[in-house]
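One structure is given here, and the rest of the page talks about it.
Every read-out reported here was derived from the displayed coordinates using simple, explicitly stated rules and does not represent laboratory data. Note that this is a predicted model, so its numbers are computed, not measured. Positions of Cβ are backbone-derived with ideal geometry, glycine not excepted, and every protein chain shown enters the neighbour counts.
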Number of protein chains: 2
Amino acid sequence: MNAPKIDFAKMGGLIPAVVQDAKTGEILMLAFQNQEAFDQTVATKEVYFFSRSRQKLWKKGETSGNVLKVVEVLADCDDDSIIIKVAHDPDMKACHTGARNCFFKKVL
Amino acid sequence: MNAPKIDFAKMGGLIPAVVQDAKTGEILMLAFQNQEAFDQTVATKEVYFFSRSRQKLWKKGETSGNVLKVVEVLADCDDDSIIIKVAHDPDMKACHTGARNCFFKKVL
């Protein structure tokens, strides 16, 4: 099967990208990619995002050291969101707060 | 801990919501919620979204029968995305294509 063509048009050039631990299924973080961040991620097998606050390409872990190593990338049925499965790392601090993952606030 | 106040302002009233099987960690789908869809989800413990194409509230499974039963809701560090963990259902067809989950297109 050919790789799907991602639809960046729907949301002003951005798609949500969910980062998931390939081994455990834990969701580490969610951020946005533009075409360049997506292309860089596929080409380098390290995860890039587009920072909405800084309006620029952002390599995850560039300053923190918490680089995310890509294992697999999957697009959804509408080609407008992706899952990036990354190598399991027991010492990962994916969140900028220092937490292992970003989803630590209980709503319900 | 008090429930976090979700920040809907950042993306024109919408946040991405990732639906994850609470038992297996499988990501079933990703869609968007506005304040109303979020509130309805928390109040009813069934999953609601905001349809961007139809510009209206949308109860997941309303026509297909594939209602998603909420087990837990977690917000991220910035309060601008959420994970909705749902009850495991081996017969779930979360995707409108009839697939179990929406992420069946391999990019890498």
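Listed values, structure above:
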read-out: Pairwise Cα inverse-distance average, inverted: Kirkwood Rh of segment A:13-86 (Å); value: 12.2 Å
read-out: Net charge over other residues, Cβ less than 12 angstrom from the Cβ of residue B:4 (K, R count +1; D, E count -1); value: -2
read-out: Cβ crowding within 10 Å averaged over residues, with A:51-57, B:101-107 ranked highest first; value: B:101-107, A:51-57
read-out: Lysines with Cα under 20 Å of residue B:85, excluding same-chain neighbours fewer than 8 positions away; value: A:23, A:85, A:105, A:106, B:5, B:23, B:45, B:59, B:60, B:69, B:93
read-out: Whole-angstrom gap from segment A:71-108 to segment B:54-108, using each part's C-alpha centre; value: 16 Å
read-out: Segments B:40-48, B:73-81 sorted - mean Cβ within 10 Å per residue, highest first; value: B:73-81, B:40-48
read-out: Rounded tilt (10° steps) of A:35-44 against the dominant C-alpha axis of chain A; value: 60 degrees
read-out: Overall dimensions of the protein assembly as shown by Cα: Rg and Dmax, Å; value: 16.2, 47
read-out: Neighbouring partner chain Cβ atoms per residue of A:27-34, average, 10 Å criterion; value: 4
read-out: Per-residue HN-Hα couplings for segment A:71-85 [Karplus 6.51, -1.76, 1.60; θ = phi - 60°; Hz; x = Gly/Pro]; value: 9, 7, 10, 10, 9, 8, 4, 9, 6, 10, 7, 9, 10, 10, 8
read-out: Nm distances between copies for residue A:89, ranked from closest, using label points 7 Å along Cα→Cβ; value: 3.7
read-out: Chain B, rotation onto A, residue closest to that axis via Cβ, with its distance in Å; value: B:25, 1
read-out: Percent antiparallel among DSSP beta bridges (both partners in segment A:13-86, rounded to 5); value: 75 percent
